[in-house]
1. With a ≥ b ≥ c the root eigenvalues of the C-alpha gyration tensor of region B:181-282, is it rounded (a/c under 1.5), prolate (a/b larger than b/c) or oblate?
2. Of the heavy-atom accessible surface of region B:450-494 (probe 1.4 angstrom), what whole percent is carbon and sulfur?
3. In debye, nearest 20, what is the charge dipole magnitude of region B:210-348 about its Cα centre with +1 on Lys and Arg Cβ and -1 on Asp and Glu Cβ, if you could check?
4. Across every pair of different alpha-carbon atoms, what Kirkwood hydrodynamic radius in Å does region B:398-495 reach?
5. How do B:SER229, B:SER289, A:SER3 stack up against each other in accessible area, from largest to smallest, with a 1.4 angstrom probe?
6. Karplus couplings for region B:136-147 from phi (6.51 cos²θ - 1.76 cosθ + 1.60, θ = phi - 60°), rounded to Hz, Gly and Pro as x?
7. Please work out the Kirkwood hydrodynamic radius for region B:453-495, using every pair of different C-alpha atoms, and report it in angstroms with one decimal place.
8. Using the Kirkwood formula on the Cα atoms of region A:1-76, what hydrodynamic radius do you get, in angstrom to one decimal?
Amino acid sequence: MSSAEDEQFREFVASRSAALLRVAFLLTGDHGHAEDLLQTALMKTSRRWDHLVDRDACYAYVRRVMVNTQTSWLRRRRVIENYVDVLPETTEQVDDASDAHAPVMLALGQLPPGMRAIVVLRFYEDLGEAETARVLGCSIGTVKSQTSRGLARMRVHLTEATPSSAARREEP
Amino acid sequence: MDVDYLRAALRDGAELARRPEPDLYDRVLARRRRSVRRRRAALAAGLSTLLVGIAIPVGLTTLVGGGESRPDGVASPPAIPYADIYGVPARGSLAGDAAFVEAIRRLPWTDQATQPGTLPGESSLPDAPLETRSVVFAGDVTGGRWALVVGQNTAQPTGPAADPDLTDLGSLSDIALAWFVGPPGASPDQMALVTVPHGIPADQPTSLYDQFSGALVVVAAPGDRIEISPRPEVEADATVNRTYADTNSTDGTAVLAVDPNPYSAGGLPAVKYRITREGIPVAQQNPDSYGGANPEPPPAIALDYLRPPNYLLPDHLGGNQEQQLAEQIVTLYGLPADQISFQVHYVGPLPGPTAARVQLAVVTAVLPSGAVFTDAFWLQETLLSDGTPTGANGASCAEELAPAGLPPAQRIIAMRCEVATGNQTGPAPESTLVVIAPEGAPDRSLMVEADGGRTTILTGAAGGVSLTPFPEGAEVVTVETGDGTVIEEVPIIGP
C-alpha cells in the first residue's frame, strides 16, 4: 500500500471497526473469537486494499470476509458448542435472563454458525435474502430454509426458557 | 418473539461487544507481517502450504485487476440466454405415470415442519393453488423416490419489501417450488414435503441432494449442459482442483448417485454441479441438501493413535473430538473413510485462560495422493460461576494441507493455539505453542526464536508433546544439531 492508501486503511479501521466488531460478536458469540475474526478479516482486507475501488463498499467487503471466514468454520464445524441436556437452576441463570436481550442471545448461541450468520445478516444487518445469499455464497433457497429453521429453533429455545411454558400441561 | 423484538435484542446484544483495541491497526499489520514471514518460511522449508480453512470471499465486485483471489466468472459475464426451466412437461422416470404425477400435484405444500412463522413481518411461505401447480420432475433415485412441484408464488412481497435490491429475487418471481421425497417405490401419500416452499426465477436451476444415499437431482432447462464434480481433488503437491464430468443430460435433468457420506458432520457437501447454457456459465454451486442425522450411524472411523489419548471431557460434550475431526475431513474431501489414513497425534490438556478444562486434539489425514491434512481443534468446558459445567465450546487451532513426503508420524508439527473465553470481563486469551515431535537424533534440539530471545522446546532423541506459552514473534521451530547447525525449519501453523 502507498502511504496515502495506508492512511486510508488506518482511518477505515478507526472509524468502522467498532461496528464490525459488533457484527463479529453476534457471529461468534465470543469476545475473543470476535476480535480474532475481525483481525483476520482486516488482515485479509489490507492485502487487497489497493484493489478496492469503491471505498464506500469496504465495510461490506470486510463483513463478507468475516462471514465467509466464520462460515468456513461452519462447513467444517470449526467452532462448536455442545450443551448439557438440562441446565442447572442457579441464581446466575435468573440474573442472565433478567436482561431483555439475554434469552435471545442465548437462543442465537444455540444455532450452528452458518444459521447464526444468516439470522445476524437478515435481522441485525438488515440484508435482503438475495444479498445474504450473495454474502454466504449459497442459494436463496438455503437462506430461506435456514432463516425459517433458525427462527423456529430460537422460538423453541425461547419458549422452553419461559417459566410459564414449563408449567404448561400437556393437553389430554 | 416478533421481528422487531428480535432486531432490538440483537442490537442490544451486539452492544455487549468490547470496544476495539486502540492499537487494532498495528495488530492487523503485525499479523500481516507474521503471515508473510510464515509463508516465506514455509516456502524456504519446501512446504508450500495451502490453508484450506480460510475462505476467500467470492463475488467481490469491488475488486479490480486480475488478483489471485479473483473468482471465476466475475469479469463482465455474458448475458445468460433465457430458458423456461419449469414450464416444460414433467421429466424423470415416473413422468409417464399420469396417475402418480397427478397425485403428486395434489399433495399439500404445508406441514408441521414448514408452517409459516407467526412473526409479524416474517414473510409467509408460498402455497401454490392447486390449479396452478405442475410436476416438473418425478422419478426414482438412489434410495428413494423424489418429485418437484411448481406453482403460483402466493408469497410475493409487496410495498417496500418488494424492492429487488433489498429482497430475494426468487420471492419476487411468479413461481414457487416444493420438493417431495419418499421411500423406494413410495405411493403418493408416502411422499413428504422436505423443503421450505419458496419462489424461484423461472430460469434458475434447482437441485436436491441426500448425502446419506448419495442421490442428487439437478433440474435445469432442456438443452442445458449439467456437469458434476463429486469432490475436490488434492494433488501430491497439495494443490486442490476440481474436475467436472458431463452428465450427458438432454432434457435438462440429471439424476445421479454420487458417493454417499454416512457421517452427520454437517457443512456443505463435497459435490458441486455446474450448468452451462449455449456455452455460457449459468450456475456452479453445491446442491441444496436435506436430511438430519443418519438413521443408521456408521461405524467409527479407524484412527491410528500415536500416543495414548488423555480425555478431559466426556463424550457428550465432544470429548471424543478426534473422531469428529476425522468425520469432518471425510466430509470435506468427499472420500470414503477407508481411502484416508488418520493419525491422532495428541488428545490431551491445553492451557486455558480460566480454571475450565481445555482439551486439544491434533489429527493428520493422509489423502490418497499422499498430501497430508493437519487439523487441530480445542474444546473448553463452560462453567457457571459456581463451577457447574454447562457445556463446552471450541474452535480450530490450525488447519494445513501439506505436500506428500514424510509419513505424519515422522513429521514435526508446530502450531499456535489460542484459547479464548466468552466472558466479557474474563481474562485475555491464552496462547500456547504446541510442538509435537517424533523421536530424533540424540544430539538434536528443537528451538524457537522470538522477540524475547531463543527458547529450547525439546532436546534429545525422545519425542513428545511440548506445550509452552507462545513466544510472541515466533514464526518457525528450528531443529538443530549439537553444533548449532539448523537442519530443518518447521513453520508454526495456526492463527
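The values are calculated or read from the model by the stated rules, or taken from the named source; none is laboratory data. Please read all numbers here as calculations on a predicted model, not as lab measurements. Glycine also receives a Cβ, built like all others from the backbone with ideal geometry; neighbour counts cover every protein chain displayed. Just so you know, the surface numbers come from the protein's heavy atoms only, side chains and all, with ligands and any DNA or RNA stripped out. Shrake-Rupley method; radii C 1.70, N 1.55, O 1.52, S 1.80 Å.
1. Here region B:181-282 falls in the oblate category.
2. Within region B:450-494, the accessible surface is 51 percent carbon and sulfur.
3. Roughly 220 debye for region B:210-348.
4. About 14.4 Å for region B:398-495.
5. Output order, biggest surface exposure first: A:SER3, B:SER289, B:SER229.
6. For region B:136-147, the Karplus curve yields 8, 9, 8, x, 7, 10, 4, x, x, 9, 10, 8 Hz.
7. Result for region B:453-495 stands at 11.8 Å.
8. 12.6 Å
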